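Data first, discussion second: the structure below is written as structure tokens.
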Amino acid sequence: MKVLVIGGAGYIGSHVVKEMMKAGHSVTVFDNLSSGLRQNLFAQNDFIHGDILIPAEIESAFARGFDAFVHLAAFKAAGESMIEPEKYSVNNLIGTINIMNAAVKFNCKKMVFSSSAATFGSPEYLPMDENHPQNPENYYGFTKLEIERIMKWYDQLKGLRFAALRYFNAAGYDPDGEVIGLEQNPANLLPRIMEVAIGMKTGMKVFGTDYDTRDGTCIRDYVHVTDLADAHVKALEYIDKNDKSLSLNLGTEKGTTVLELLNAARKITGKEIPAENVERRPGDPACLYTTNKMAKELLGWEPKYSDVETLISSTWNAYLKNQK
């Protein structure tokens, strides 16, 4: 298939592009490079420098003729979304509507959307599954949930088939070491650990050590970005084969605590990685992890790279390569 990957120069997007190519699809990347990097582009792909907030630019891209598209161009910092909801309203909601309108206009009716576990809010039960109530607790999660609702209407009214893939905690880097562009201003735990290990920062904070977990720190479900990318490929092929939309949770069914990740990183990197224990952050649930039963059943998806060692070593490798 001819696939347009919107946000394909970003952290997750570049890994999706690589897996799409491996599966034999022809890929074009559309990105405004606000957080994506030219370093993450592959020479064999066409690249369109454009903005989803300018309808003429996204229409011009779809006018080239595509069979399917992947949308990874949303802003994603939950904390920032609570301070600047305007920014998230414009980019995530209006930007997505611009994309979908352009896709429908040019008859591109297969869509894979990067959704989020943030659509669920705090867990009412564990492991979370696709039937878990969706009650987002930050504005970012609200925008992702609204997009899921809009997609359902476009499916019904315009025949736009979609896969909403709800990531839990994306982590890791390309195990082959080809994609190494580092995230700009990362807010997630593993990059923060790596910034200290490599010497970019002098220390980090562990928010809360008194949770009801095996070591008192939060448990999260870390999924390797290459496993996520593989799910995008499989979801697209499912839509193509079945002419049917789907919404799936993507996780490992296993949780890892903050301290487990930190101690494993100390061991693998050989660095001390100073960390200060501080108060809990408001709104941080003790545990978040999902079942991936439906992804296995519908897509035949299995996380292959999401063990703690691969998550850390592949990320450390990317940080080391960026030092050269």
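Selection within the range 267-311: residues that are touching a helix residue (DSSP H, G or I) at 6+ places or on another chain (Cβ under 7 Å) and among the basic types (Lys, Arg). The member of this set that is least open to solvent (accessible area, probe 1.4 Å) is Lys271. Of all residues in the range 197-226, those being in contact (Cβ under 8 Å) with a residue 40 or more places away in the chain and either farther than 22 Å from Leu126 by Cα or among the hydrophobic types (A, V, I, L, M, F, W, C) (or both) number 13. Number of residues in the range 124-165 that are among the small types (Gly, Ala, Ser) and surrounded by fewer than 21 Cβ atoms within 10 Å (Cβ to Cβ): the value is 1. Listed here are the helices (runs of 4 or more DSSP H) enclosed by the range 58-123 that have at least 1 residues being open to solvent by 10 Å² or more (accessible area, probe 1.4 Å) and hydrophobic (A, V, I, L, M, F, W, C): 78-83, 95-105.
Please go through the range 105-130 and pick out each residue that is among the polar types (S, T, N, Q) and closer than 19 Å to Asp284 by Cα. Of everything in the range 105-130, those that are among the polar types (S, T, N, Q) and closer than 19 Å to Asp284 by Cα turn out to be Ser116, Thr119, Ser122. Consider the range 84-103 and keep the residues that are in contact with a Phe, Trp or Tyr (Cβ under 9 Å, 6 or more places away or on another chain) and free of Cβ contacts under 8 Å to residues at least 40 places away in the same chain. The one that is farthest from Gly65 (Cα to Cα) is Glu84. Taking the range 198-225 as the range and being outside any loop (DSSP other than H, G, I, E, B), open to solvent by less than 10 Å² (accessible area, probe 1.4 Å) and within 30 Å of Val16 (Cβ to Cβ) as the test, the residues that pass are Val223, His224, Val225. Considering the range 130-145, the residues that are touching a Leu at 6+ places or on another chain (Cβ under 7 Å) and free of Cβ contacts under 8 Å to residues at least 40 places away in the same chain include one that is nearest to Leu250 (Cα to Cα), namely Gln134.
The values are calculated or read from the model by the stated rules, or taken from the named source; none is laboratory data. The structure displayed is predicted, hence computed values, not measured ones. A quick note on method: Cβ atoms are made from the backbone with ideal geometry, for glycine too, and the neighbour counts reach across all protein chains shown. Surface accessibility is based on the protein's heavy atoms, side chains included, excluding ligands, DNA and RNA. Shrake-Rupley method; radii C 1.70, N 1.55, O 1.52, S 1.80 Å.
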